[in-house]
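Heads up, the thing below is written out as C-alpha cells.
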Amino acid sequence: MEIPFRSMKFLTKRNFMILISVLVISFFYASHALTKEVVIKDGDKEVKVEGIFFHVEDAVRKGKVALHPHDQLSEPLKGKVKNGMIIAIKRAYPVNIQVDRKLKEIMTANEKVKDILDEYHISVGEKDIISPALDASVKKYETIKVVKVEEKVITKKETIPYQSVIKYNDKLEEGKTKIIKKGKNGSREAKYKVVYEDGIIVSKELLEENILTEAEDAVIEKGTAMYIATARGKLRVKKVIKMTATAYDATFESCGKHPSHPEYGITRSGTRVRPGVVAVDPRVIPLGTKLYVKALDGSKDYGFASAEDTGGAIKGKRIDLYFESPRDVARYGKRKVLVYVLD
C-alpha cells in the first residue's frame, strides 16, 4: 500500500506543475491576443499606443492626449478598440456667436453654421435671419449672427386727429385768426402686422381698420388784410413791396424840361408835380395807386404818395420821390424803402 501512495503523491505534484505551465502559457498567449496597437493622430502629431484596452477613451487616456470638451474624434469615446485602429482628433477652434444682440466666443470643431448652432442647442426659426447661411462654413474667429424674427398681429384702439381747414378772410387783419368751428378727434380700431427683430419693432403694416367715431374738422379763418399805422390812423394795405428809392425835382437836370416848355412840371398822368407825387414802373405799380413810403434806414418816412409819374430809369422795383428843392434831392440820394400799396 505504501508504493501506490508515493506514486500518487508524485503524480499530484507533476500535474500541478503541468497545470501551472499551461496557465502561464495560456495567459501569455491571451495577453498577446488582447494587446492592441493604436495610432492617435492629432494634427501633424502621431501618438502610438500599445496595450490592453477595450474602449477608445482608454487608448486616448493611455496616450496621455488631452481633449477639449468640444474636440471631435473620428471614433466614439465609448467605441471598441480594434488592433491597428487610427483615431483622428479634430481640434475645436474659437468662433463668435451673436444671439439676442449678445456676442459670445465659443469653441467648436464643426465647420458648418447649422452644425455649430445644433452643437450649442441654438434653435433657429423659419423667419430668423442667419448670417452666414446655415450651409456656409466659418473659420477661426469669424462671427455667426442670429437675428430672431417674430411676427405678431395686434389690434389697438387709436385716436383719429381732426384736421384744421383754413379759410382766408381779407377783412380780418393779417396774422389774426378766428375759430369758426372747433375740431373733434375721432377713434378707430386698427389691426397691424408687427415685425420684431431681436425684440425691436422694424416694421408695422396696417391690415385693416374699423372707424368707431368720425373726426370733425376745425374751421379757422385767417386774416389776410394788412394795415399800417399812420398819423391818420390805421390804414388797410393791399401789399408791401421793398424797393430802391431815388429823388427828383422839376428842374431841367431831373426832368430835361425848362420852365418855358409846355409840359414842364406835368406828370405822365397829366397832373402837376407836387410833394407826394412819385414816379413808378406801371407794370409794378399802376398809375393812380395810393401809396405810403416808409424809410428803412431810420430816417423820416416820405409818407403818403400817389403814383402819377414815370421815368426812363424807373424800371422794376424802383421808385422816384418828388421834392421841390434840388438840395433835398441831393441829400436824399438812394435808399431802401417799404412801399405800402393802400387799399
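The values are calculated or read from the model by the stated rules, or taken from the named source; none is laboratory data. Quantities reported herein were computed from a predicted structural model and do not represent experimental measurements. Reconstructed Cβ throughout: ideal geometry from the backbone, glycine too, with neighbour counts over all protein chains shown.
For (1) modelled with pLDDT under 90; (2) in a strand (DSSP E or B); (3) on the phi < 0 side of the Ramachandran plot, each residue gets a yes or a no:
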residue	(1), (2), (3)
H68	no, no, yes
G84	yes, no, no
I89	no, yes, yes
Q98	no, yes, yes
L103	no, yes, yes
Filter result (among the hydrophobic types (A, V, I, L, M, F, W, C) and over 60 Å from the mean Cα position of the chain (by Cα)) within region 302-334:
F323, V329, A330
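Every residue, every condition in (1) surrounded by 14 or more Cβ atoms within 10 Å (Cβ to Cβ); (2) in the same structural domain as V49 (by TED's automatic domain parsing); (3) more than 33 Å from the chain's Cα centre (by Cα), yes or no:
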site	(1), (2), (3)
V99	yes, no, no
M107	yes, no, yes
E126	no, no, no
I130	yes, no, no
K139	no, no, no
Check off (1) free of Cβ contacts under 8 Å to residues at least 60 places away in the same chain; (2) in contact with a strand residue (DSSP E or B) (Cβ under 7 Å, 6 or more places away or on another chain) for P161 and give me the number that stays unchecked.
(2)
Do any strands (runs of 3 or more DSSP E) entirely within region 175-254 hold 3 or more residues that are surrounded by 16 or more Cβ atoms within 10 Å (Cβ to Cβ) and in contact with an Asp or Glu (Cβ under 9 Å, 6 or more places away or on another chain), and if so, which?
186-197, 218-230, 233-248
Pick from region 151-194 the residues that are closer than 30 Å to K238 by Cα and hydroxyl-bearing (S, T, Y): which of them is modelled with the highest pLDDT?
S164
Look at region 198-226 and say how many of its residues are under 14 Å from K157 (Cα atoms) and of a type in the set (D, E, K, R).
3
Matching entry among E57, E75 (being farther than 17 Å from E119 by Cα, of a type in the set (D, E) and either in the same structural domain as E119 (by TED's automatic domain parsing) or touching a Leu at 6+ places or on another chain (Cβ under 6 Å) (or both)):
E57
